[in-house]
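Contents: one structure, followed by commentary.
All of the numbers you see were taken from the coordinates with simple rules; none came from a lab. Just so you know, these numbers come straight off a predicted model, no measurement behind them. Ideal geometry is used to build each Cβ from the backbone, glycine not excepted, and the neighbour counts take in all protein chains shown.
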Amino acid sequence: MTKILIAYGTTEGQTSRIADHIADVIRKHGVEAQALDLKGSKDVSPADYDAVIVGGSIHMGKHQEDVADFVRTNRAALERLPSAFFSVSLAAHGDMENAEAYVANFEQQTGWHPTKVGLFSGALLYREYGLLKRWMMKRIVRDKPGILSTDTSRDHEYTDWEQVKRFTEDFLGRLVPEDTAKTTG
Ligand SMILES: Cc1cc2nc3c(=O)[nH]c(=O)nc-3n(C[C@H](O)[C@H](O)[C@H](O)COP(=O)(O)O)c2cc1C
């Protein structure tokens, strides 16, 4: 049976929720999926899977180092297998130029040029940040009025779950339907 790896990095958990959603969508299509946080799974090998989706989130303009390391180590496999990349940021909510620039930097940093890229809006988890992080995030958000909320009394999720589903189903659609071919052929 086809098995897909979703290898991701996360700092506050939103990319983890997105990776789980991708895995759920894949499983609903009868394909096996495993979402793995790269922080605790350094030795995971894409060679054990039929396709790989890599994801990470942006903090201070950069994706997690764990994600870049994984891509550098496994670049040959990512180029051989069907693969895709998704980047989670707040820039993806109304500042696409920056969201795209983050991915361009990642490509330069790793040498990997994924054939399919998803730019997903993340979350502003004011209630979960410590005092300093909350203050800093509010300042950053205040500089871009009207796009993101400065109401620190609650968390704000900007992820478009339908977009995540479409990205996943489009990726699945590009895979050779091996199991289907076996049963019908
Ligand atoms: C300290 C901090 C720095 C961030 N820096 C950026 C940034 O430079 N650009 C951006 O678009 N989003 C930035 N974000 C927003 C995150 O990408 C967003 O909150 C995302 O949902 C985080 O995903 P994660 O929970 O999987 O780590 C930052 C968030 C935090 C908390």
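Using a cut-off of under 12 Å, list every residue of region 7-32 whose amide N is near the label point 7 Å from the Cα of SER149 along the Cα-to-beta-carbon line.
none
Give the percent of DSSP beta bridges with both residues in the chain that are antiparallel, rounded to the nearest 5.
10 percent
Could you compute Rg(Cα) / (2.2 N^0.38 Å) for region 105-149, with N its residue count?
1.61
Taking the chain as the reference, fit the longest principal axis to its C-alpha atoms, fit the long axis of helix 131-142 to the helix C-alpha atoms, and give the angle between the two in degrees, 0 to 90, nearest 10.
The two axes meet at around 90 degrees.
Only bridges with both residues in region 31-131 count here: give the DSSP antiparallel percent, nearest 5.
Of those bridges, close to 10 percent are antiparallel.
Given the Cα-Cα distance of ASP48 and ALA104 and 0.36 nm per residue of separation, how much length would full extension add, in nm? Don't skip to the end; give the middle numbers.
Numbers: separation 56, 0.36 × 56 = 20.16 nm, distance 2.79 nm.
Here the answer is 17.4 nm.
Can you spot the aspartates and glutamates whose alpha carbon is less than 20 Å from LYS42's alpha carbon? Ignore those fewer than 8 places along the same chain.
Cross-link targets: GLU12, ASP20, ASP50, GLU65, ASP66, ASP69, GLU79.
How long are the semi-axes of the equivalent ellipsoid of region 18-122, taking √(5λ) for every eigenvalue λ of the Cα gyration tensor, in whole Å from largest down? List each step's numbers first, then the result.
Working: eigenvalues 92, 56, 31 Å².
Equivalent ellipsoid of region 18-122: 21, 17, 12 Å, largest first.
To check my understanding: the extent here is largest minus smallest coordinate of the Cα atoms along each principal axis. What are those three numbers for the chain, in Å, largest first?
Cα extents, longest axis first: 58, 30, 29 Å.
So for region 82-185, averaging the separation of alpha carbon pairs under 8 Å that are six or more residues apart and normalising by length, what relative contact order in percent results?
Relative CO of region 82-185 lands at 29 percent.
So which of LYS3/LYS116; LYS3/LYS62; LYS28/LYS165; LYS3/LYS165 end up more than 22 Å apart by C-alpha?
Cα-Cα > 22 Å for LYS3/LYS62; rest within.
Suppose a student asked you for the relative contact order of the chain, using Cα pairs under 8 Å spaced at least 6 residues apart; what percent would you report?
Values: 289 pairs, mean separation 38.4, N = 185.
About 21 percent, as a whole number.
Applying a 10 Å radius around every beta-carbon, put 111-118, 12-19 in order of their mean neighbour count, most first.
Ranked by mean Cβ neighbours within 10 Å, highest first: 12-19, 111-118.
Compute the long axis of helix 96-110 from its Cα atoms, compare it with the longest principal axis of the Cα atoms of the chain, and write down the angle in degrees, 0 to 90, nearest 10.
With both axes taken from Cα atoms, the answer is about 60 degrees.
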